[in-house]
Structure formats: structure tokens, C-alpha cells
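K.L.:
Pasting a structure below so you can have a look.
The values are calculated or read from the model by the stated rules, or taken from the named source; none is laboratory data. For clarity, every value in this text was computed on a predicted model and none was experimentally measured. Side chains included, ligands, DNA and RNA excluded: accessible areas come from the protein's heavy atoms. Shrake-Rupley method; radii C 1.70, N 1.55, O 1.52, S 1.80 Å.
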Amino acid sequence: VNTRTEKAGITAVEYRQGEATMNPICKAFERHVLAHEIAHGNHPVLAWMCRCTEVVVGNNDNIRLCKPKRKETAKRIDGIAASVMAVARADAGKEGGSVYDRRGVRVAG
């Protein structure tokens, strides 16, 4: 956890990138995507990262994200991994009610 973010009053939550931790949040993200609840606004870099991302199925049908040929390629999936974790945090906030439910979504630009 980054102490600079904590000093700024931002709550940081650690997500380990292993199969057991990523499985439930990857599956939840997949459900949101299939339900057309997530859109990246045709952002070219995020679209590229999406094409770079592979899903690996492990033990007990656990899934996790994977960059193909990790050591041999310039492909990046960091934006997709960050999106998966962000959606997981947003879903976690639904238990207490989301700020977006109270005030709606604000769009910059």
C-alpha cells in the first residue's frame, strides 16, 4: 500500500494477482462485460490491451488474466487488470450504496 495515497486520504486496497484472488473478480468482470454494463468508449489503448489479454483457466475452473509470451512481447494488459480490480471495488461498494446511485455519473469533457 502506498503511503503517499494514504496521506492524501485515499484508501488503497491490495489485490494479489494470483489465481485464487483474481478468479472471483475476473468472473464478476466477465459478467458485467457480457451484460453490456462496461464500455471503454473506444479508447484505443484500452482496446489494444483488451486484444493483448488472454484468460487462463486453471484448477477448478479458476480464471485469471495473462499476457501472452510474457517475457518475449511488448504487449501490455495493465489497463485491463486495473479495470477488473476497479470494477471489483465498485461492486464491493454496492453493499453500502454507491455514490453513483446517489448523484449519478459525472462525465468530464
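K.L.:
When all protein chains stay in place, what accessible area (Å², nearest 10, 1.4 Å probe) is found for E54?
P.N.:
90 Å²
K.L.:
Accessible area of T3, 1.4 Å probe, to the nearest 10 Å²?
P.N.:
Approximately 80 Å² of T3 is accessible to the 1.4 Å probe.
K.L.:
Could I ask something else about it? Accessible area per residue of the range 1-99 at 1.4 Å probe, in Å²? Please report the intermediate quantities before stating the final value.
P.N.:
On the way: 7200 Å² over 99 residues.
Averaged over the residues of the range 1-99, the accessible area is 73 Å².
K.L.:
Still on this structure: Hey, what's the Kirkwood Rh for the range 1-85 if you take every pair of different alpha carbons, in angstrom? Don't skip to the end; give the middle numbers.
P.N.:
Details: mean 1/r = 0.0697 Å⁻¹.
Final number for the Kirkwood radius of the range 1-85 is 14.4 Å.
K.L.:
Expressed as a whole percentage, what fraction of the accessible surface of the range 9-78 belongs to carbon and sulfur atoms when a 1.4 Å probe is rolled over the protein heavy atoms?
P.N.:
Details: 2710 of 5300 Å².
Here carbon and sulfur together make up 51 percent of the probe-accessible area.
K.L.:
If you don't mind, there's one more thing I want to ask. What aspartates and glutamates could a cross-link reach from K27, if we take a straight Cα to Cα line under 20 Å and drop same-chain neighbours fewer than 8 places away?
P.N.:
E14, E19, E37, E54, D61, D78, D91, E95
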